[in-house]
């Protein structure tokens, strides 16, 4: 085992460790955006094909969302009625999105994925400017779960930004909404990962996956500290700017 660790190419894995660390740090403070940040940087900066980037991100998220979900259940932050209303359509949408992304050629998928990620960046900027959201009772739940799951798989991330933020905009209570959406994300992520394994195969999970997982585990203990010292509105603005800038830069490179 020690010989395997010593022979491992750490120079190749370190950039992915850094991406996983940064993404998990922001996710710990904001309650969302691990997949979006990881996918954007993997595709735009590291040149990872969209399907492999999404596959690697979702495999890592099985562990992070599982741990998060257990924590929210223990703390009674889960609204089980809302859970069922978003988890089932989320799984259906996630499987459909994963199949679509796996069946499209990487060079053809890249412009669409980067356009989607850029739109999510702008979307977060708008949400940040309107923070904090009003209070009330959300109405449009099942379609939101279906769309969120589909976009999360086909775009490499977005479940949190799409589902959580829209539920909050509809007036849902913050604590139970975040807890419920994070817990449901485990099932959605599990379904998406299983779909990628069945379509692409285990070769989709390479150095990228190992680096993201290691970086995420290293940053996880800092999440509680980050949420206490980083203002939510400022962090959302920062993430929105980073996603928009990197995605637009990648699109310009593809077009030119």
Problem set entry | Residues within segment 74-108 that are in contact (Cβ under 8 Å) with a residue 60 or more places away in the chain, surrounded by 15 or more Cβ atoms within 10 Å (Cβ to Cβ), more than 17 Å from the chain's Cα centre (by Cα) and not in a loop (DSSP other than H, G, I, E, B), tallied | 6
Exercise. Got a sec? Which of 36, 70, 62 is assigned to a helix (DSSP H, G or I) and buried (at least 23 other Cβ atoms within 10 Å of the Cβ)?
Worked result: 36
Problem set entry | helices (runs of 4 or more DSSP H) wholly inside segment 129-199 containing at least 2 residues that are modelled with pLDDT under 80 and surrounded by fewer than 24 Cβ atoms within 10 Å (Cβ to Cβ) | 165-169, 174-199
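So, in segment 16-33, of the ones that are over 16 Å from residue 210 (Cβ atoms) and in a helix (DSSP H, G or I), which residue ends up nearest to the chain's Cα centre (by Cα)?
Out of the qualifying residues, it is 27.
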Seminar exercise, completed: Residue hits (segment 75-87; in contact with a helix residue (DSSP H, G or I) (Cβ under 7 Å, 6 or more places away or on another chain) and at pLDDT 85 or above) are 78, 79, 82, 83, 85, 86, 87
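The values are calculated or read from the model by the stated rules, or taken from the named source; none is laboratory data. Keep in mind that what you see is a predicted model, and the values were worked out from it rather than measured. Neighbour counts are summed over all protein chains in view; Cβ atoms, including those assigned to glycine, are modelled from backbone coordinates with ideal geometry.
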